[in-house]
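Take a look at the structure below.
The values are calculated or read from the model by the stated rules, or taken from the named source; none is laboratory data. Just so you know, these numbers come straight off a predicted model, no measurement behind them. Neighbour counts are summed over all protein chains in view; Cβ atoms, including those assigned to glycine, are modelled from backbone coordinates with ideal geometry.
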Amino acid sequence: MQKNIEDFVIHPDIHWVSVGNERLQIRQPNGDNITFDNYANEIKNVLERLKNPLSKTEVVDEDIMDQVLEILFSKGFLSNKNVNEFQFLRIADLNQNDRIKYKEKRLPKSVFIEGNGNLVKVVKESLINSKIKINENDNPNALKIVVADQDSYSLLSAENEKSVIKNQSVVFFRWISGKFRIGPFVVPGETACLECAYQRELASNLFADEMKAYMACDEKELPKYEGGPVLDNLAAALITREIMLILRGDYEIAGTSTIVTLDPLLLEIKHSSILRVPRCKVCSKGAQKPSRNYRNLVQESNN
C-alpha cells in the first residue's frame, strides 16, 4: 500500500479489546465494530504502534500490517497527526453518514447571528470557544442563525423571508414555553422554510383560533429566556452541534426541514419533519429556482 505508518495515528476515539490470544475486536463509538479471528497478537502490535509511534513493539509481517492499514483507512480509523482537538467532530468523522454530504460547490464557512438577548450571548460565546468564525455584518455567503429569547412570530417570520429572498441558508433557535426549539434549517429553494412549518402546524392544530391569537400576540406578553448554569450549557451544546454539522456539510445529520424541540427538565426530544407547502407565501413565490433537488444531491453522494 506504500503507506508510511509513522505518518499516521489511530483515531483517538477508537479502542480495542483482546479475547485471549486468538481474537481481537476494534470498537468505535457508533457500534460498527470489527472482529479479527486470526493474527490477533500481530494486529494488536500494529494498533499499538499506531497509538504510540515511539513504542517498541514486536515487528510484524509486512503483509499483515498492510492489510490492517488498508482496513483502518477504509473505515476512517486512521488520522494524520493533526487530529481535530474537538472530540465531537472526531466522532462525527467516524459516522457512516460522513459519506452523505451536501454536494454544493460552496458551503458556508462562517456564521452571522441575528437577534438580541440572553440566548444570543450564550450562542456567541459558545461559537467563539468552538473557533467558528462569526461575521459582524450580514453576509449572504454566511450561514445566518436567528436567535430569539421568545417564540416571536413577527421577528422569526421576517428573518425567514429575508433569508429566502437573499438565497441565504438560515437556521432558527429560540426559547418557547419552557423548551428549546431549533430549526428548521432552511436551504432556500430546496427545503421547507419556517413559514411552511407555521402553516403546517396551523393546519393540523385543533385550536386554530387560539394559535392564530398566539402568533399575533405582543412579544412583551411572551415568557423570556433567562438562562442559568443548566439552561445555558444545554443551549450552547444544541446550537453549536447544529452549526458544526452544517459547516461540515453533514446536512442529513443536522436535519434540513426538521424542527427539534428539547424539554430541558425531562430531557425529552421531539423531532418534527416539515414538508414544503406547495403554495407557501414565502418560499414558493418562484423567485428561488433550485438547480438541483436536495434529495438528488444526497443520492449522488452515495454513488
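Got at least one residue in region 167-175 being surrounded by fewer than 20 Cβ atoms within 10 Å (Cβ to Cβ) and basic (Lys, Arg)? Step through it out loud before you land on a result.
Of the residues in region 167-175, the ones surrounded by fewer than 20 Cβ atoms within 10 Å (Cβ to Cβ) are 167.
From what's left, basic (Lys, Arg): none.
No: region 167-175 contains no residue that is surrounded by fewer than 20 Cβ atoms within 10 Å (Cβ to Cβ) and basic (Lys, Arg).
Across region 31-73, which residue is nearest to residue 13 (Cα to Cα) among those that are polar (S, T, N, Q), at pLDDT 80 or above and out of contact with any Ser or Thr (no Cβ under 9 Å at 6 or more places or on another chain)? Show your work before the answer.
Pass one, region 31-73, residues polar (S, T, N, Q): 33, 35, 38, 41, 45, 52, 55, 57, 67.
Applying the additional criterion that residues be at pLDDT 80 or above yields 33, 35, 38, 41, 45, 67.
Subsequent filtering for residues that are out of contact with any Ser or Thr (no Cβ under 9 Å at 6 or more places or on another chain) retains 33, 35, 38, 67.
Details: 33: 13, 35: 17, 38: 24, 67: 21 Å.
Within region 31-73, the match that is nearest to residue 13 (Cα to Cα) is 33.
Go through the residues of region 234-253 one by one and say whether even a single one is farther than 30 Å from residue 140 by Cα and surrounded by fewer than 17 Cβ atoms within 10 Å (Cβ to Cβ). Break it down stepwise before answering.
Residues of region 234-253 farther than 30 Å from residue 140 by Cα: none.
Checked region 234-253: no residue is farther than 30 Å from residue 140 by Cα and surrounded by fewer than 17 Cβ atoms within 10 Å (Cβ to Cβ).
Limited to region 224-245, what total is found for residues that are outside any helix (DSSP H, G or I) and closer than 15 Å to residue 174 by Cβ?
Within region 224-245, the first condition is being outside any helix (DSSP H, G or I), and the residues that meet it are 224-228.
Remaining after also requiring closer than 15 Å to residue 174 by Cβ: 224-227.
Qualifying residue count, region 224-245: 4.
Taking the conditions exactly as written (assigned to a helix (DSSP H, G or I), touching a strand residue (DSSP E or B) at 6+ places or on another chain (Cβ under 7 Å) and at pLDDT 80 or above), does residue 120 satisfy them or not?
Details: assigned to a helix (DSSP H, G or I): yes; touching a strand residue (DSSP E or B) at 6+ places or on another chain (Cβ under 7 Å): yes; at pLDDT 80 or above: yes.
Yes, satisfied.
Scan region 127-153 for residues that are among the polar types (S, T, N, Q) and in a strand (DSSP E or B) and jot them down.
Taking region 127-153 first, the residues among the polar types (S, T, N, Q) are 129-130, 135, 137, 139, 141, 150, 152.
The one that is among the polar types (S, T, N, Q) and in a strand (DSSP E or B): 135.
Give the number of residues within region 160-197 that are closer than 15 Å to residue 273 by Cα and of a type outside the set (S, T, N, Q). Please lay out each step first, then the result.
Within region 160-197, the first condition is being closer than 15 Å to residue 273 by Cα, and the residues that meet it are 171-172, 181-187, 190-197.
Retained after the next criterion (residues that are of a type outside the set (S, T, N, Q)): 171-172, 181-187, 190, 192-197.
Final tally of qualifying residues: 16.
For region 176-223, name all the residues that are touching a residue at least 60 places away in the same chain (Cβ under 8 Å) and in a loop (DSSP other than H, G, I, E, B).
178, 187, 188, 189, 190, 191, 192, 193, 222, 223
Pick out the one residue from 162, 109 that is free of Cβ contacts under 8 Å to residues at least 12 places away in the same chain and surrounded by fewer than 17 Cβ atoms within 10 Å (Cβ to Cβ).
Details: 109 fails: free of Cβ contacts under 8 Å to residues at least 12 places away in the same chain.
Result of the check over 162, 109: 162.
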